[in-house]
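Quick notes on the structure that follows.
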Amino acid sequence: MLLPLSVITNIVTGLINGPLSKALDGYIKDVELRRRLEAELSRLLMTHMGKALEQEAAIVLAEVNSEHWLTRSWRPVLMLTLLGFIVFVGLGLPLLDAIMGHPVTFKPRWQEIPPEMWDFLGIGTAGYIGGRSLEKIATQVLAGKARK
């Protein structure tokens, strides 16, 4: 799953100021050296995470620029399928019961959807939103490089 840059920065800062800082405190007594090491670790972590984001952006761009419809559209198709499943279970089945003549009051069947499906939908939604954001960012970055 893709994370916004602010979240990544908070994670790196939390690691540096938290467990890594405590570990450095235990082994390095020189305050200046410890500060330089923390700064270098922070820089290296941010660089590494930046490279990972660039690679993810490259994957998304490859999908977007693909000649194949399915490669370009798999995320929207997946999300629409999941949404369709939830609408079918929550609305379609109760309406079908009513049409069939069963005296069933409207009772959404959300509880019948397994918790794993809700988790999958949440992760998929976050990934889809993050992927779309990366697509837009990557397009702007590549357009900026093309102008240079």
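Some points to look at:
- Given (1) at pLDDT 80 or above; (2) outside any loop (DSSP other than H, G, I, E, B); (3) loosely packed, with under 14 Cβ neighbours inside 10 Å, index of the condition Ile86 fails: (3)
- A single member of Arg43, Arg34, Arg72 is farther than 30 Å from Glu116 by Cβ, surrounded by 13 or more Cβ atoms within 10 Å (Cβ to Cβ) and either among the charged types (D, E, K, R) or touching a helix residue (DSSP H, G or I) at 6+ places or on another chain (Cβ under 8 Å) (or both), and it is Arg34.
- Restricting the range 49-65 to residues that are under 14 Å from Arg75 (Cα atoms) and of a type in the set (A, V, I, L, M), the residue that is surrounded by the fewest Cβ atoms within 10 Å (Cβ to Cβ) is Ala62.
- Restricting attention to the range 53-86, the residues being aliphatic (A, V, I, L, M) and within 15 Å of the chain's Cα centre (by Cα) number 6.
- Within the range 36-54, the presence of a residue that is outside any helix (DSSP H, G or I), modelled with pLDDT under 80 and either under 23 Å from Gly127 (Cβ atoms) or of a type in the set (Gly, Ala, Ser) (or both) is excluded.
The values are calculated or read from the model by the stated rules, or taken from the named source; none is laboratory data. This is a predicted model, so every value here is computed, not measured. Glycine gets a Cβ as well: all are built from the backbone with ideal geometry, and neighbour counts include every protein chain shown.
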